[in-house]
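Peer 1: Okay, here's the structure, questions in a sec.
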Amino acid sequence: MDELSIKVNIADRIYPLTVKADEEEKIRMAAKLINDKLKAYGNQFAVRDKQDIISMCALELATQLINLQEHGNAEDNSLSVQLNTITELLKDVTI
């Protein structure tokens with residue numbers, strides 16, 4: 001399978017990644033989901049430290065992932081994969 005070198009922006013930081021060609025769209029969607037949630041939390045709460053917003057986002061997404069895993073719903077498998085990708089990306093975000 002072909003691999004691509006891409007860059008994704010998460011929390012105003014650029015992350016260079018090497019991904020499988022068929023995973024690129026999912027990675028970009030995951031980065032957008034993270035950024036959208038970070039923006040929503042930033043607008044909703046008066047938070048001074050970006051790390052707090054990132055942590056709240058990670059907690060929400062991890063909770064969703066756990067709920068999906070507990071229910072073992074095959075229909076939600078693609079969402080579970082996306083949430084796993086997001087979780088892995090969030091592990092690399094340090095502000």
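Peer 1: Return the total of residues in the range 1-44 being touching a helix residue (DSSP H, G or I) at 6+ places or on another chain (Cβ under 7 Å), of a type in the set (G, A, S) and more than 24 Å from S55 (Cα to Cα).
Peer 2: Number of matching residues: 0.
Peer 1: Please enumerate the residues belonging to the range 1-46 that are of a type in the set (G, A, S) and either exposed (fewer than 12 other Cβ atoms within 10 Å of the Cβ) or over 16 Å from L90 (Cα atoms) (or both).
Peer 2: First pass over the range 1-46, keeping only residues of a type in the set (G, A, S): 5, 11, 21, 30-31, 40, 42, 46.
If the condition is that a residue be of a type in the set (G, A, S) and either exposed (fewer than 12 other Cβ atoms within 10 Å of the Cβ) or over 16 Å from L90 (Cα atoms) (or both), then S5, A21, A40, G42, A46 are the ones that fit.
Peer 1: Filter the range 13-37 down to residues that are in contact with a Lys or Arg (Cβ under 8 Å, 6 or more places away or on another chain) and free of Cβ contacts under 8 Å to residues at least 60 places away in the same chain, then give me how many there are.
Peer 2: 3
Every number here is computed from the coordinates shown, using simple stated rules; none is lab data. All of these numbers come straight from a predicted model, not from anything done at the bench. Neighbour counts run over all protein chains shown; Cβ positions are idealised from the backbone, glycine included.
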